[in-house]
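Every number in this text was worked out from the coordinates using simple rules, so none of it is lab data. None of the values given here were measured: they were computed from a predicted structure. Cβ: placed from backbone, ideal geometry, glycine included. Neighbour counts: every protein chain shown.
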Amino acid sequence: MKKFVITLSMAWNLALVVGVVFNKSFALTRAAGGHYENFPTAIRVAYVVTAALLIWQYRTLLNLWGHRSINPPWLPRLFLIISLISALVNAISRSSAERWNAIPALVIAYGFWTATRPDVEKRAI
C-alpha cells in the first residue's frame, strides 16, 4: 500500500509538471506560484528539467525497492532533501491550490526516508 501511495504521489507530480510544460489550464493555479495566465517559456523549460528529475527519482525508488545498488550511493538522501524542500516551498506558496502539492512532496520524502533506513531490508515497505 505504501508503494502505491508513493507511486501515486510521483504520478501526480509528474502530471502537474508535464501540465506546466504544455501550459495546461489545470496547472496554472497549482504551479510556479499559481499567478500565471500562461507559463513563460523559461518556466516551461525549467519544468522539462524538473520532469527529468522526477523520472530519475522514481527510477531510484524502484531500485531501492528492488534492493539494487544506487550510484552514487548518496543519491537517495539527496532526493529526500529535495522532496523536503519541495514540500516546504509548496506549503508556503501564495496559491492555496499549490499548497496542496506539499502533501505528495512529503509522501515522496517519506518514501525515500523509509527506503534509505538501515533496517529497510528487515521489513516490507
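Quick notes
- Karplus (6.51, -1.76, 1.60) ³J(HN,Hα), θ = phi - 60°, over region 10-25, in Hz, Gly and Pro reported as x: 5, 5, 4, 4, 5, 4, 5, 5, 5, x, 5, 4, 9, 6, 7, 5
- Magnitude of the charge dipole for the chain, about its Cα centre and with charges confined to Cβ atoms of Lys, Arg (+1) and Asp, Glu (-1), is about 240 debye.
- Counted by Cβ distance under 13 Å from TYR36, the other residues give a net charge of +2, where Lys and Arg count +1 and Asp and Glu count -1.
- Placed amide H near LYS24: partners under 5 Å, 5+ positions off or other chain: none
- Residue (of ALA102, ALA115, ALA27) at the positive-pole extreme of the chain, dipole from beta-carbon charges: ALA115
- If R0 is 22 Å, the Cβ-Cβ spacing of HIS67 and LEU14 corresponds to a FRET efficiency of close to 0.35.
- The tail of the calculated P(r) for the chain, taken as Cα-Cα distances beyond 17 Å, holds 57 percent of the pairs.
- Normalising the average separation of contacting C-alpha pairs (under 8 angstrom, six or more residues apart) by the number of residues puts the relative contact order of the chain at 30 percent.
- For region 44-55, backbone phi angles converted through the Karplus equation (6.51, -1.76, 1.60; θ = phi - 60°) give residue-by-residue couplings of 5, 5, 4, 6, 5, 5, 4, 4, 4, 5, 4, 5 Hz, Gly and Pro being listed as x.
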